[in-house]
Amino acid sequence: MSSISARIAGILRCRGIAAAAAAMLTIAGCGFQPIHGNQSAASGEGLANFDIGLIADRTGQMMRNELLQQMQPRGAVQAPRFGLNVALTETLTNLAIRKDEVATRANLTLTAVFTVVSRADGSPLLTGRARSVNSYNILTSDFATLSARADARKRAVRQLARYIRERLAVWLVQTGGRPVAK
C-alpha cells in the first residue's frame, strides 16, 4: 500500500513540476517583463530621474515627501531627465446628516493634476489626473474629528503618490520617456 502511495505522489510531483515549467515557458513566450525589473525603464534608477517640484500648502508638502520616499528611496540622481509638477485640490463633503441637520460622516476628496516636463527644453511629456476619496467620522470631540480628517488626508496622499508613481512607471516602460501622443 505504501509503495503505491509513493508512486502516486511521485507522479503528482512530476506533473506539478511539468505544469510549472509549462507556465513559465508560456509567460516567457508572451513577452512578459516585470515593470520594476533591473532591465526596466521603470526601475529604481528610472523613477529617480524625476525632479519633484515643490507643491503648495501642508498637504502638498506631505505629497512631495511621499513621492520622494516612493520614487527616490536612495536619493535623486545628479542630473534628472524629467521634472514632475503636481497641483492638489482638496474638497470636503458632508454625508450622513442626522435629523437635527448635523453631519456625522464626511468625505475628503484629494485631486492631483500632474505634468511631466523635459528638463532639457521644458516641453510637456505627460499630463495626468488622479483622485482619491477617503471617508472619516465627524465626532462630538473637535480634536477627534481633526485627527480623523488628518488620517483621511494621509491616506489620500499615500494613495495618490502610489498612483502617480505607477502611472509614471507605465509611461516610462511604454514610451521610454517620449511625449504621449494626444
Restrict the check to the range 72-82 and report whether at least one residue is part of a strand (DSSP E or B) and at pLDDT 90 or above.
yes
Failed item in (1) touching a strand residue (DSSP E or B) at 6+ places or on another chain (Cβ under 7 Å); (2) exposed (fewer than 15 other Cβ atoms within 10 Å of the Cβ); (3) in the same structural domain as Asp57 (by TED's automatic domain parsing), with Val180 passing the rest
(3)
Please give the number of the condition Leu146 fails out of (1) under 23 Å from Gln70 (Cα atoms); (2) aliphatic (A, V, I, L, M); (3) loosely packed, with under 13 Cβ neighbours inside 10 Å.
(1)
Is it the case that Arg98 is in contact with a Ser or Thr (Cβ under 7 Å, 6 or more places away or on another chain), farther than 19 Å from Thr59 by Cα and surrounded by fewer than 14 Cβ atoms within 10 Å (Cβ to Cβ)?
yes
Can you pull out the residues in the range 95-118 that are touching a residue at least 40 places away in the same chain (Cβ under 8 Å) and either outside any strand (DSSP E or B) or under 16 Å from the mean Cα position of the chain (by Cα) (or both)?
Leu110, Ala112, Phe114, Val116
So Asp121 fits all but one of (1) acidic (Asp, Glu); (2) assigned to a loop (DSSP other than H, G, I, E, B); (3) touching a residue at least 40 places away in the same chain (Cβ under 8 Å); what number is the exception?
(3)
Ile138 vs. criteria over 24 Å from Ala56 (Cβ atoms) and surrounded by 13 or more Cβ atoms within 10 Å (Cβ to Cβ):
yes
Test: residue in the range 48-61 that is modelled with pLDDT of 90 or more, of a type in the set (Lys, Arg) and surrounded by 11 or more Cβ atoms within 10 Å (Cβ to Cβ):
no
Kindly indicate whether Arg64 is free of Cβ contacts under 8 Å to residues at least 12 places away in the same chain and either among the basic types (Lys, Arg) or surrounded by 15 or more Cβ atoms within 10 Å (Cβ to Cβ) (or both).
no
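The values are calculated or read from the model by the stated rules, or taken from the named source; none is laboratory data. Source: prediction; values computed, not measured. Using ideal geometry, Cβ is built from the backbone for each residue, glycine included, and neighbour counts are taken over all protein chains shown.
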